[in-house]
Amino acid sequence: MKNLLCSSAACAMLAFFGSTAFAAEDPAIQPKPYEALAVTYDTTGTDDADLKALIETLKVAISTGDVATLKASAAPEVKIYSPMIGFPDATPADALPDPEKRPGDERLDSAATMSSTGDVDYSREDLDGLVVDLFGNALDSGTIGHSKTARGAICSPAEPIFDRDKALAIAEAAGVPAGNLWILSEDTEFHEKPTETSPVLTKLPAGTIVPFIEGSVDGEDGTADWYSVALPSGKLGYSTNDISLGFQATSVCYGKIEGKWMVTAVIVPGL
């Protein structure tokens, strides 16, 4: 896969799976047919005018690098959630403890450092840059919806809703770990072979959950831009230019504090 929309931690996990070939020719892991499954989103209440105004203010601040405005949006208490990258747990983990009861703007600093890799002593300038990047990653997709991870808060981006048991059944049928399930972000054609001239087996709509099999597959022209997934038919399908979505994403969440919309939580997936 390439061009995946993900946090640095998510991309690290993808690199692991992308380098692992689940050999389709091995009869022991030959994919089997399964019932196609698509995600949905709960956008109830996201048309609130004041919430929209806050999000537009955040977008402008991201574009100009105005970290002061981003931090001013933080509620007095900002919760941080750090779910594991990959297929989500049945019960979301609690927010990370904050025994020192730090103010919201300092919690944004903490969340921002979690979105980067390595144990680094950041300067104030570095921290500000990470905060801008965190908000930028969260608001990049432009979607918004309720989040189970953040206990029902409205978050950017929208968090997918799906039947967990059916998703696990897809992974089992494909013979891959549940962490290899991804969500198509656009309508995608899948070919019989890694070449544009081979027959199109199916076209799956955006939002469909697919089991990723192998990345960087060599096409007949010698390029390695193809990837493969197990299709509902049980066959392997090949496509290019993937921008699939993981189930967990870096997110900024909103809530009303004394009648005013503010940033009340941040989700930073980790390994």
Worksheet item: Roughly how many debye, to the nearest 20, is the charge dipole of the range 214-261 about its Cα centre, given +1 on each Lys and Arg Cβ, -1 on each Asp and Glu Cβ, and no other charges?
Response: 540 debye
Response to the item:
For the chain, dividing by residue count, accessible area per residue (probe 1.4 Å) in Å² works out to 48 Å²
Item to complete: Name the residue, out of Pro99, Pro157, Pro194, whose mean-square fluctuation peaks in a Gaussian network model built on the chain with Cα pairs under 10 Å.
Response: Pro99
Worksheet item: Taking N as the number of residues in the range 46-88, what is its Cα Rg relative to 2.2 N^0.38 Å?
Response: 1.48
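Kindly give Rg over Rh for the chain, based on alpha-carbon atoms, with the Kirkwood expression for the hydrodynamic radius. Write out the running numbers ahead of the final one.
Values: Rg = 19.8 Å, Rh = 19.7 Å.
Result for the chain is an Rg/Rh of 1.01.
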Practice prompt. Mind jotting down the distance between the C-alpha centroids of the range 46-66 and the range 239-256, whole Å?
Written response: 18 Å
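Quick one: net charge of Leu204's neighbours, Cβ under 11 Å, K/R +1, D/E -1? It would help to have the intermediate numbers written out before the result.
Values: positive: Lys203; negative: Glu186, Asp187, Glu189.
Once all neighbours under 11 Å are counted, the net charge is -2.
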Fill in: Per-residue [θ]222 nm for the chain (sum of -39500 (n - 2.57) over DSSP H runs n ≥ 4, rounded to 500)
-8000 deg cm²/dmol
Discussion item. For a quick check of understanding: with a 1.4 angstrom probe and all protein chains in place, what accessible area in square angstrom does Phe162 have, to the nearest ten?
Written reply: 50 Å²
Worksheet item: Against the longest alpha carbon principal axis of the chain, how many degrees, from 0 to 90 and to the nearest 10, is the axis of helix 104-114 turned?
Response: 30 degrees
Worksheet, complete the sentence: Quick shape check on the range 133-271: root eigenvalues a ≥ b ≥ c of the Cα gyration tensor, a/c under 1.5 is rounded, otherwise prolate if a/b tops b/c, else oblate, and it reads prolate
Worksheet entry | For the chain, with +1 on Lys and Arg beta carbons and -1 on Asp and Glu, the positive-most of Pro205, Thr195, Gly65 along the dipole | Pro205
Discussion item. Test of understanding: in a Gaussian network model of the chain with alpha carbons linked when under 10 Å, which of Asp165, Asp218, Asp109 would top the mean-square fluctuation ranking?
Written reply: Asp165
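Using +1 on the beta carbon of Lys and Arg, -1 on that of Asp and Glu, and nothing else charged, what's the dipole of the chain about the Cα centre, debye to 20?
Numbers: 19 positive and 40 negative charges, 134 e Å.
So the dipole magnitude of the chain works out to roughly 640 debye.
Rg(Cα) of the range 160-205 divided by 2.2 N^0.38 Å? Walk me through the intermediate numbers first.
Details: Rg = 12.9 Å, N = 46, 2.2 N^0.38 = 9.4 Å.
Expressed relative to 2.2 N^0.38 Å, the Cα Rg reads 1.37.
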Fill in: Net charge contributed by nearby residues that have their C-beta within less than 11 Å of Leu245 (K/R +1, D/E -1)
-3
Discussion item. Using 26 Å as the Cα-Cα cut-off, could you pick out the over-long pairs in Lys59/Lys101; Lys101/Lys256; Lys59/Lys79; Lys148/Lys260?
Written reply: Lys59/Lys101
Item to complete: Determine the dipole magnitude for the range 158-271: charges of +1 sit on the beta-carbon of Lys and Arg, -1 on that of Asp and Glu, nothing else is charged, the reference point is the Cα centre, and the result goes in debye to the nearest 20.
Response: 580 debye
Worksheet item: In whole percent, how big is the carbon plus sulfur part of the accessible area of the chain, probe 1.4 Å, protein atoms only?
Response: 52 percent
Worksheet item: Among the lysines, which fall within straight-line cross-link reach of Lys235, defined as a Cα-Cα distance under 28 Å, with same-chain neighbours fewer than 8 residues apart omitted?
Response: Lys2, Lys32, Lys166, Lys193, Lys203
Fill in: Which of Tyr227, Ile55, Ala95, positive extreme of dipole for the chain (C-beta unit charges)
Ala95
Worksheet, complete the sentence: Taking the dipole of the chain about the Cα centre (Lys, Arg +1; Asp, Glu -1; charges at Cβ), the one of Tyr41, Val268, Val217 that reaches farthest to the positive side is Tyr41
Item to complete: Find out how many positive minus negative residues lie around Lys59, taking Lys and Arg as positive, Asp and Glu as negative, among other residues whose Cβ is under 11 Å from that of Lys59.
Response: -2
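The values are calculated or read from the model by the stated rules, or taken from the named source; none is laboratory data. Since this is a predicted model, take the numbers as computed values, not measurements. All Cβ positions, glycine included, derive from the backbone under ideal geometry; neighbour counts span all protein chains shown. The protein model used for the area step is the full one, side chains on, heavy atoms only, and it has no ligands, DNA or RNA in it. Shrake-Rupley method; radii C 1.70, N 1.55, O 1.52, S 1.80 Å.
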